[in-house]
Amino acid sequence: MPYRRFASVAAFLLVTPFILSGAAWTPPRTAWGDPDLQGVYSNDDETGIPLERPAEFAGRTLSEITPAEMKEINRRRTDQFNDGVSGDEFAGGLRPPTHLIFDSFERRNSRPWLVVDPPDGKVPPLTPEGQQRQRMPQRGVSSNANPFGPFDGPEDLGLYDRCITRGIPNSMMPAGYGSTYEIEQGQGYAAIRYEMIHEVRVIPLDGRPHVGRGVRLDLGDARGRWEGSTLVVETTNFSERSSYRGASSALRMVERFTPMSPQVVEWSVTFDDARTWTRPWTFAMNLTRRDGSQRIYEYACHEGNYGLRNMLSAARAADR
């Protein structure tokens, strides 16, 4: 099936009605004339949205979900989240300090699921190569990449456990806390700073080509351009060790940051990797601007990474 590309933001909104309604909004301009998207944003309100369409909405599209239904969905998700948190216990009856872990206890999701294309809300099937790759031993980004060991060294744990990276787009996916990001702009450049792991992507906007195929990066090689008021970022040259959902090194990822109001930027991500999926696919969610007093916190990951040290020291004690 050929990938259906959207000719305009208006066309995109036909399949993503939960972004915003009303007239298009034109952002102010920087001193050098680019649309000004600078600021601190959060997608904490999108925490808990399933990536794919849940079974309860089988046969329905995003455009068919009414605002009243969305209100009820958020009510149920809030209840389910709080019931789950109150029941969580560690060994010995200890409870995690939920007031310190989670930024929000109320679900204010903008949509019932994230995948906007294909219209059925499902990630396309894997190719035979993609299926084979999924069966191979994985380390990758996930903190659950190697739950049963061995833990002979830090390389046996995921990149997230090791405070190296969450990868892209994981670094901009809400995780219950640390879901804050800052967009900064300079003439010919944009940059995105992520609170968790404290990574920064510097994105040239001057039309330069991507680096050579031999260069592979955990965050890929990003190049940006403006399409009207939308910042379009194309990223290639990914390292497979940090790939999203087992994508290959051939992944081409296109992000679109579209200002929808003074407070909301819609972030959509398209994955194009013919070695992994049978067709390209896209998900989308909202980024909500924070006021000037809400800055990104320092994420002192290495300084506080007792989990990595303790897992390795426990493994050495087991060896003895």
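Find the all-direction average of the projected area of the Cα convex hull for the stretch 108-245, expressing the result in square nanometres with one decimal place.
Over all viewing directions, the stretch 108-245 projects a mean Cα-hull area of 11.2 nm².
Hey, could you grab the Kirkwood Rh for the stretch 238-320? Inverse mean 1/r over distinct alpha carbon pairs, Å, one decimal.
About 16.9 Å, per the Kirkwood formula over Cα pairs.
Taking the Cα centre of the stretch 146-199 as origin, sum charge times position over the Cβ atoms of Lys and Arg (+1) and Asp and Glu (-1), and report the length of that vector in debye to the nearest 20.
Here the size comes out at about 160 debye.
Contour minus end-to-end for T66 and A317, with contour as 0.36 nm per residue of separation and end-to-end as the Cα-Cα distance? Let's see the in-between values first.
Details: separation 251, 0.36 × 251 = 90.36 nm, distance 5.64 nm.
Net length gain for the segment: 84.7 nm.
Computed from the coordinates by the stated procedures, all read-outs in this text should not be read as laboratory data. These numbers come from a predicted model, not from an experiment. No Cβ is skipped: glycine too gets one built from the backbone with ideal geometry, and neighbour counts run over all protein chains shown.
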